[in-house]
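See below for the structure under consideration.
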Amino acid sequence: MMWELFRLNFWHYLRRLSRDSFGILIFVALPLILVYVLSLVGAQNTEGQIYFHGYNMVATHISVGMMLLFQLNGGIYLLNCLNHDFIKPMKWRLNASPCHVYMSVFGAVAACLVFTVAQGILIVSGSTLLMGAYWGNLWITIMVIVIVSTISQLLNIILLLCIRNLSAAEYMSWFLAWSMAVLGGMMFPLPDNAFFRFMRQYGTPFSLARNVIQESGFLATTSASMWNSIVMLVGLTVFLAMIIVLLGRRKLG
C-alpha cells in the first residue's frame, strides 16, 4: 500500500515536470548554448594547447562548471511543487486526502531528483558530443550529478520551510547557487590566499563536486582528493536531510 501511494505520487509529479518545456529549455538548452559561446571566446583568448587526448579542455572546464551551477539551481522545480501543494493553493485538498503528507513530499522529491538528474546527463552528453568536453569517469560523474541534485532539493526544502514565501525562497536559492559558483572560481579569478584556496577546493558543494569529476579521469593528480570530496558531499547530504526531518515535524505535520 505504501509503495503504491509513493508510485502514484512519483508519476504524478514526474508528469507535471515533463510538461514544463520552458524549464527544459532553461536547464538543458541554455547551459549548452552558454558552453558553446564561452568555449569559442575562451579558445580565442587561450595561448596554450586547447586539445588534450582529443578532448577540448576549454569546453571541459566551462561545461563542468555550467552543469554543476544548473544542477544546484534544479531545486527550483521542487520549490514550486511544494509551495503549490503544501503551502498555498492545494494545501487544504492534500490535508483531506487519505495519503499522508510525507508520502506526497517523498514522491515530489523523487520525481524532481530524477528529472534534474536526467537534465544533468543531457548536458554531459550534449557537451561531449557537440563540443568534445571530457567528463572523466562517467559513472562517477553521474553519481556526482545525483548527489548535487539531492543537495539542491534538500536546500530548497529547507529554504521553503524557513522562509515560507516562494519568491523570497527562489531568490535565496539562486543567490546560494551562484555564490557557490563564484567561490568556486567559476566566474572570475579569486584572490590567492588561504581562505579562497580552501573555498575553491573544498568550501562549497560546487567545489567538491568539481573536484570529484576532475579527479576521476586522466586529469587526476591524486585519488585521495576525489574520495575526500565524495565523503564530504555525502556527509553534507545526510546533514541537510537531518535538518529537514527536524523542521518537517514541526511545519509539515
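The values are calculated or read from the model by the stated rules, or taken from the named source; none is laboratory data. In this text the structure is predicted, and so the values were computed from the model without any measurement. Cβ placement follows ideal geometry from the backbone for every residue including glycine, while neighbour counts extend to all protein chains displayed.
Criterion first (more than 21 Å from Phe86 (Cα to Cα), part of a loop (DSSP other than H, G, I, E, B) and among the aliphatic types (A, V, I, L, M)) does Met186 satisfy it?
Answer is yes for this residue.
Could you say which residue among Leu94, Leu82 is under 22 Å from the mean Cα position of the chain (by Cα), modelled with pLDDT under 95 and among the hydrophobic types (A, V, I, L, M, F, W, C)?
Going through Leu94, Leu82 in turn, the sole match is Leu82.
Just for segment 147-184: of the residues that are within 19 Å of Leu240 (Cα to Cα) and of a type in the set (Gly, Ala, Ser), which one is surrounded by the most Cβ atoms within 10 Å (Cβ to Cβ)?
Top of the filtered list is Ser152.
From the list Ser207, Ser225, Ser229, which one is polar (S, T, N, Q), within 25 Å of Ser179 (Cα to Cα), part of a helix (DSSP H, G or I) and at pLDDT below 90?
Ser225
Given the condition hydroxyl-bearing (Ser, Thr, Tyr), surrounded by fewer than 20 Cβ atoms within 10 Å (Cβ to Cβ) and touching a Ser or Thr at 6+ places or on another chain (Cβ under 8 Å), answer yes or no: does some residue in segment 185-203 qualify?
yes
Considering each residue of segment 13-61, count those that are buried (at least 16 other Cβ atoms within 10 Å of the Cβ), within 24 Å of the chain's Cα centre (by Cα) and touching a residue at least 60 places away in the same chain (Cβ under 8 Å), and give that number.
Selection size over segment 13-61: 16.
Could you give me the residue pairs with C-beta distances under 7 Å whose first residue belongs to segment 101-128 and is in contact (Cβ under 8 Å) with a residue 60 or more places away in the chain, whose second residue is assigned to a helix (DSSP H, G or I) and of a type in the set (Asp, Glu) wherever it lies, and which are 6+ apart or on separate chains?
Listed by first residue and then by second, the contacts come to Ser104/Asp85.
Considering Ile151, Ile142, Ile147, Ile157, which residue is touching a Leu at 6+ places or on another chain (Cβ under 6 Å) and either modelled with pLDDT of 95 or more or assigned to a helix (DSSP H, G or I) (or both)?
Ile147
Return the only residue of Phe175, Phe195, Phe239 being over 30 Å from Ile87 (Cα atoms) and either in contact with a strand residue (DSSP E or B) (Cβ under 9 Å, 6 or more places away or on another chain) or free of Cβ contacts under 8 Å to residues at least 24 places away in the same chain (or both).
Phe195
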